[in-house]
Amino acid sequence: MAEEKVIAYIKKCLEEGKMPEAIDTSKVAGVPLSKEELKNYIHKYLENGWVSRALKGSKAAGIELTPEIITRYIEKYLDEGRIYSAVDAAKLIGEPLPAEKLVSIGTEYLINGNLTSGLEAYKLAGKAPQAELLIACGKICLSNGQLSHGMEAYKLGGGKPTVEELIECADVCLCEGDITQGLEAYELAGKTPTKEMLRECGEICLIERRVDDARKAFVAAQKIDEV
């Protein structure tokens, strides 16, 4: 029973990326770990983007991570848009990430409404996205109910959203139970939501047990009745 617990602990360490701890435990307990098994786990860490854990594990296991292996994973991370993993991996071989690839990834992020990752990719490339691209990102963000990101993208692009875009964003927010951003978007548009929408938003908040937000929505609806 004791040995089973040790094996389970070693397995847990390996699954969590704690290979040095697993190896130390296996040596003390006399439970062998094969190089092949350790190698498979190291590649599993790399597949997950756990670059630092893979490096620590390879050192503890005495398994070399060649530049060719790292380069292959860098390309994989970039193709999948996993920028931070690519950055960590590139540090291992001391080579900068290709700026053109980062710009391409950043552009794809922005046109899909992912402002944060898009800006990060451009920053790592030492470039700045075009105003038109930022505004396009802002439009997508607003249509998805991401008010703060949408407004930031427009600001960075030197533009302002239309009233229609703000109302569309507000309605998406209210339909999703996001009363705070919904009311803010309507305020920015200079318009007022219907009391029916506010009450429906409040009901969504109640279902999700967000009492404070529900109260905020119902109070806003009541104020419309009083006007």
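Nothing in this text is a laboratory measurement; each read-out follows from the coordinates by a stated rule. Just so it is clear, the structure is predicted and the values come from calculations on it, not from any experiment. For neighbour counting, all protein chains shown are included, and Cβ atoms are generated from backbone atoms with ideal geometry for every residue, glycine included.
Screening L134 on (1) more than 24 Å from the chain's Cα centre (by Cα); (2) of a type outside the set (G, A, S); (3) closer than 21 Å to T107 by Cβ shows it passes everything except condition (1).
Filtered by the rule that a residue be of a type outside the set (G, A, S) and closer than 17 Å to E165 by Cβ, region 123-144 gives E132, L133, L134, I135, C137, K139, I140, C141, L142, N144.
Only one of C169, C201 is in a helix (DSSP H, G or I), more than 30 Å from P129 (Cβ to Cβ) and of a type outside the set (D, E, K, R). Can you tell me which? Step by step, each of C169, C201 is checked, and only C201 is in a helix (DSSP H, G or I), more than 30 Å from P129 (Cβ to Cβ) and of a type outside the set (D, E, K, R). H43 passes every criterion in (1) surrounded by fewer than 13 Cβ atoms within 10 Å (Cβ to Cβ); (2) farther than 21 Å from K5 by Cβ apart from (1). Within region 119-166, being in contact (Cβ under 8 Å) with a residue 12 or more places away in the chain, of a type in the set (D, E, K, R), outside any loop (DSSP other than H, G, I, E, B) and closer than 18 Å to L102 by Cβ holds for one residue alone: E120. May I ask you to verify whether P193 is within 24 Å of I111 (Cα to Cα) and buried (at least 21 other Cβ atoms within 10 Å of the Cβ)? In short, no. Annotation: G159 fulfils all but one of (1) under 30 Å from E132 (Cα atoms); (2) small (G, A, S); (3) crowded, with 19+ Cβ neighbours inside 10 Å; the unmet one is (3).
Every residue, every condition in (1) in a helix (DSSP H, G or I); (2) under 28 Å from K76 (Cα atoms), yes or no:
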residue: E4; (1), (2): yes, no
residue: K11; (1), (2): yes, yes
residue: P20; (1), (2): yes, yes
residue: T25; (1), (2): yes, no
residue: P32; (1), (2): no, no
residue: I42; (1), (2): yes, yes
residue: E47; (1), (2): yes, yes
